[in-house]
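Comments concern the structure below.
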Amino acid sequence: MRKILTTALLALPLLAASLGASAADAAVGRWKTIDDKTGKVKSIVEIYPTTNGSLAGKVVEVLSSDRGPNPVCDKCDGERKNKPVKGMVILWGLKADGANEWAGGTILDPANGKTYKSKMELQAGGQKLDVSGCIAFICRAQTWQKE
């Protein structure tokens, strides 16, 4: 009996880790970002797990831009200044915050170079992702679609 109890206690952390991983796996993948005004697909963002257990996202394709086919982040500061938007990490530091929810991250808007506190929530059986960015109490949200 003692051996069974010890085995069960040792297996508990593994079970908890696998449940956390499966929740993050739901958001991992390629997502279509949608233009708020036109409703057209603007880009493809790939969300991936990082080594510290958080989620991050980078632009893997720019499909529509008012700044040409290969836009750069000319309004960004620091290391992102004048770098191509394609390949740029625009979402980072998101940690699980409940079932199918992540918070505590940062999102960059390459159009204006500003960063915002970010959170996201999986919707519609995993086919839509509500992504929001906030400064103080002013927030902007988008719904991304699974590719």
Checklist outcome for this item: Contour minus Cα-Cα span, Asn52 to Gln127, at 0.36 nm per residue, comes to 24.5 nm
Checklist entry - Which of Ile138, Ile34 comes first, and how do the rest follow, when ranked by fewest Cβ neighbours within 10 Å? => result Ile138, Ile34
Next on the checklist: Taking the Cα centroid of region 64-89 and of region 92-131, what is the distance between the two, rounded to the nearest whole Å?
Outcome noted: 20 Å
Item to check | Ile90 long-range amide H proximity, modeled H, under 5 Å | outcome: Gly57, Lys58, Val59
Checklist entry - Spin-label point model (7 Å from Cα, Cβ direction): what's the Cys139 to Asn82 distance in nm? => result 3.7 nm
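We did not get these values from a lab; they are worked out from the coordinates using the rules stated. Because the structure is predicted, anything quoted here is derived from the model rather than measured. Please note: Cβ atoms are built from the backbone with ideal geometry, for glycine as well, and neighbour counts cover all protein chains shown.
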